[in-house]
Amino acid sequence: MGQQQGREQQAGRQQAQDFARIERALAYIRENFRDQPELDDIAAAAALSPFHFQRLFTRWAGVSPKQFLGYLTLDRAGSVLDAAYDAGLSGPSRLHDLFVSFEGITPGQYKDMGDGLDIRYGIHQGFLGEFVVALTDRGICGLQFVGADGPDAALADIRRRLPGARFREAQGETWAACESVFGAARGDPARPLRLWYKGTNFQIKVWQALLSIPPGQLVTYGDIAGAIGQPSAARAVGSAIGANPIGLLIPCHRVIRATELFGTSYRWGTERKLALIGWEQAQRENRAGATAGMT
């Protein structure tokens, strides 16, 4: 492992430790948001003093806890898909502040390619906690965040989707593949991401619609259904979103219920979803402020 990679992975471990406290704080906020909890109470839920919690939170999010909570509102939701989706999704495209190209494979096409696919996987840590990423020669085929049941369960979910493949651990290779997401190279156009995923025709259509949602924006299940030309299929859209094989990179976290944000489910935890929604909005506004400062 090179020195730069070692430093980045050490930074990832620190970010994951920070996120564990952020996650506890967000769980407290979600349970008590109607009472508008004070900073002291939120900090106590994270087992920190208000001073240390404020410092940790600002280091992780780039904004204060008060600013962050302001981002977690339904008034930030709205249909932003029509123009983006109608413009087409041919890659590589600038999607959610990362340069991404993608290839959707239907089950029939995958069968024609044959079993025995070589898949490399690695277990890493980043600003959203621990995650498992899986990689083929065609691109990233799986990204699962680790929950209470541990990394083996996350890896088992990826294996279940690609039962005929050969899996082998390759930490260095998988970190290099996602460095432009979780490392210092985030958003570097010279380090584009390739996604390779298997799904039904309907699932692939939904996942590609997700890729058109700009960072810091929220849409509803109905918005997605309308964007793919099936406005009555919101429930089926929800099922397809729940089957997303590549967390974060296919941004299912940007889809919410029309009437509720704090109760919106997320397969990798509601707190992680809230963290992502607020974090992306903070990054968006920080970039806007930096751009304004240069003019």
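Which residues, taken from the stretch 115-173, are in contact (Cβ under 8 Å) with a residue 60 or more places away in the chain and aliphatic (A, V, I, L, M)? Those that are in contact (Cβ under 8 Å) with a residue 60 or more places away in the chain and aliphatic (A, V, I, L, M): LEU128, ILE140, LEU143, ILE158.
Please state which one of LEU56, LEU39, LEU72, LEU81 is in contact with an Asp or Glu (Cβ under 7 Å, 6 or more places away or on another chain), at pLDDT 80 or above and not charged (D, E, K, R). Quick ask: steps written out before the conclusion?
Numbers: LEU39 fails: in contact with an Asp or Glu (Cβ under 7 Å, 6 or more places away or on another chain); LEU72 fails: in contact with an Asp or Glu (Cβ under 7 Å, 6 or more places away or on another chain); LEU81 fails: at pLDDT 80 or above.
On inspection, the qualifying residue turns out to be LEU56.
Here's the yes/no breakdown for (1) hydrophobic (A, V, I, L, M, F, W, C); (2) at pLDDT below 90:
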| site | (1), (2) |
| --- | --- |
| ILE158 | yes, no |
| LEU162 | yes, yes |
| SER180 | no, yes |
| ARG191 | no, yes |
| THR200 | no, no |
| ILE204 | yes, no |
| GLY226 | no, no |
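The set of residues in the stretch 209-267 that are within 24 Å of ILE105 (Cα to Cα), of a type in the set (Ser, Thr, Tyr) and open to solvent by 30 Å² or more (accessible area, probe 1.4 Å) comprises TYR221, SER239. Contact map, the stretch 273-286: first residue among the β-branched types (Val, Ile, Thr), second residue open to solvent by 10 Å² or more (accessible area, probe 1.4 Å) and in a helix (DSSP H, G or I), Cβ cut-off under 9 Å, separation 6 or more or different chains; pairs are ILE277/TYR71; ILE277/ARG76. At least 2 residues being of a type in the set (Val, Ile, Thr) and in contact with a strand residue (DSSP E or B) (Cβ under 9 Å, 6 or more places away or on another chain) is the threshold, and among the helices (runs of 4 or more DSSP H) wholly inside the stretch 143-249 those reaching it are 171-182, 234-242. Residues in the stretch 216-256 that are touching a residue at least 60 places away in the same chain (Cβ under 8 Å), closer than 16 Å to PHE202 by Cβ and among the small types (Gly, Ala, Ser): GLY226, ALA227.
The values are calculated or read from the model by the stated rules, or taken from the named source; none is laboratory data. Being a predicted model, the structure only gives us computed values, none of them experimental. Here Cβ is always computed from backbone atoms with ideal geometry, including for glycine, and neighbour counts include all displayed protein chains. Areas reflect the complete protein model, heavy atoms only, side chains present, ligands, DNA and RNA absent. Shrake-Rupley method; radii C 1.70, N 1.55, O 1.52, S 1.80 Å.
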